[in-house]
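The structure under discussion appears below in the form of structure tokens.
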Amino acid sequence: GAGVSQTPSNKVTEKGKYVELRCDPISGHTALYWYRQSLGQGPEFLIYFQGTGAADDSGLPNDRFFAVRPEGSVSTLKIQRTERGDSAVYLCASSRPGNEQFFGPGTRLTVL
Amino acid sequence: GQSLEQPSEVTAVEGAIVQINCTYQTSGFYGLSWYQQHDGGAPTFLSYNGLDGLEETGRFSSFLSRSDSYGYLLLQELQMKDSASYFCAVLSGNTPLVFGKGTRLSVIA
């Protein structure tokens, strides 16, 4: 079956703009995770959904970041008033509870 | 908090064996995972150790010692395609995975 997909693959925006990043998890995976990865670093946890609810959003860096998963499948990560420091690859992963996480290809966000 | 330490870079010869170590500090430890990531690609799951000992999957093996807060990934019969970054990641309590900074493996001829 299809893996985790993320759109867009690349996003270039200007400082101060709003962006939305989309993640389509593997069908049947109830757990969905967002990570951020900077060059030379490991993935950094942002937020975790179990079904429709955010089970843990402790990794969101500030209130400019928000994520939703209204129907328990597709999730959208929203970033308001983007800053240059937000530039990174945003990774999404999904899993069955307690099982290995499958990662999507990521969205490379560049804030100019 | 949680922290993981792994070497930043390792170089090994094609056909050889390489071991990538990972030490961790965490509370409520459940297990240690390993992921591989090629440049520009997504992390892919390699192995998970929830109990002490060695887990073997083909050319890759992973070891865990809970008492020493230590694990390693062993890659045998290295191939050029094994050149990638390797991340250890800790699963603890109800928190999602915490990743190390990764070890960049270069396989040379």
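What follows is calculated from the coordinates using simple rules that are stated; it is not laboratory data. Quantities reported herein were computed from a predicted structural model and do not represent experimental measurements. Neighbour counts are summed over all protein chains in view; Cβ atoms, including those assigned to glycine, are modelled from backbone coordinates with ideal geometry.
What the table shows:
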{"item": "Viscosity 1.002 mPa s, temperature 20 °C, Stokes-Einstein D of chain B from Kirkwood C-alpha radius, µm²/s", "result": "154 µm²/s"}
{"item": "Size of electric dipole in the protein assembly as shown: Cβ of Lys, Arg +1 and of Asp, Glu -1, about Cα centre, debye, nearest 20", "result": "720 debye"}
{"item": "Over the protein assembly as shown, equivalent-ellipsoid semi-axes from the Cα gyration tensor in Å", "result": "30, 20, 16"}
{"item": "Derived scalar couplings ³J(HN,Hα) [the stretch A:95-111; Karplus, 6.51 cos²θ - 1.76 cosθ + 1.60; whole Hz; x for Gly, Pro]", "result": "7, 7, x, x, 9, 4, 8, 10, 9, x, x, x, 10, 8, 9, 10, 10"}
{"item": "Mean projected area (nm²) of the alpha-carbon convex hull when the stretch A:57-112 is viewed from all directions", "result": "4.7 nm²"}
{"item": "Semi-axes of the equivalent ellipsoid for chain A, Cα gyration tensor, largest first, Å", "result": "22, 14, 13"}
{"item": "For chain A, size of Cβ-based charge dipole, Lys and Arg +1, Asp and Glu -1, in debye", "result": "320 debye"}
{"item": "Proximal lysines relative to B:Lys101, as straight alpha-carbon distance under 29 Å, when same-chain residues fewer than 8 apart are discounted", "result": "A:Lys11, A:Lys15, A:Lys78, B:Lys81"}
{"item": "Cα-based shape type of the stretch A:16-80, given that a ≥ b ≥ c are square roots of the gyration tensor eigenvalues and the cut on a/c is 1.5", "result": "prolate"}
{"item": "Size of charge dipole - the stretch B:21-79 - debye, nearest 20, with Cβ of Lys, Arg +1 and Asp, Glu -1, no other charges", "result": "100 debye"}
